[in-house]
Each structure stands twice: as C-alpha cells, then as structure tokens.
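Quick notes on the structure that follows.
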Amino acid sequence: MAPAAARRPGPVVSGAAMLGTLDPARSATLVRVHVRAFLDRFLRGRPAPLLDAPSPRYPEVEFRWAREAGSAGRPGTRT
C-alpha cells in the first residue's frame, strides 16, 4: 500500500501560472520570427542573428543552450 503522502495531489497551479499571460497575437509573432530565424540558419544556411543572443525587441524570450559532450560552441555555430 502506498504511503498517504504519495496519494495526495500536488499543489494546484492556475492556468496563468503554467502558461503565462502573454497576449496571443504577441505569442504568434514570437513563434513566427523565431521559427523563421531557425529555418533560415539550419535549413537555408543564411545568417540568423536573432538566434545568437537575446534581442531587446523580444524581451519575453529566454535563451537556454545545452551542449553535448565534445561539441564546440553553442548550437548553430560553425567551427
């Protein structure tokens, strides 16, 4: 039998806390410009400075990079 603590539900989180309160039109803009930059860089081989660092035009976007063992530099950089 599972302990009582394991059967208790976790804290209730509101939808706004999970998803945020970003305006839907702004959200669509952020997705569109960042997907386009990604496709430009990785499929078309074009420069995409938007992916190099956070942009003051899009302060809502937070960059997180993860490196694989043995990789040089951030993803998308060519060495």
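FYI, it's all coordinate maths here, none of it is from the lab. Source: prediction; values computed, not measured. Note: ideal-geometry Cβ built from the backbone for every residue, glycine included; neighbour counts use all protein chains shown.
Computed quantities for the displayed model
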read-out	value
Backbone N under 16 Å from the Thr29 label point (7 Å along Cα→Cβ), restricted to segment 38-71	55-62
Of the chymotrypsin sites (Phe, Trp or Tyr not before Pro) in segment 42-71, those whose Cβ has at most 16 other Cβ within 10 Å and which sit in DSSP loop	Phe63, Trp65
Phi-based couplings in Hz for segment 35-41 (Karplus 6.51, -1.76, 1.60; Gly and Pro marked x)	5, 4, 4, 4, 5, 4, 6
Rounded to whole Hz, the Karplus (6.51, -1.76, 1.60) HN-Hα couplings of segment 15-26, x for glycine and proline	x, 5, 5, 7, 9, x, 10, 5, 4, x, 5, 5
Label-to-label distance, nm, for residues given as Glu60 and Val12 (7 Å Cα→Cβ offset)	2.7 nm
Long-range amide H partners of Tyr58 with built H, under 5 Å	none
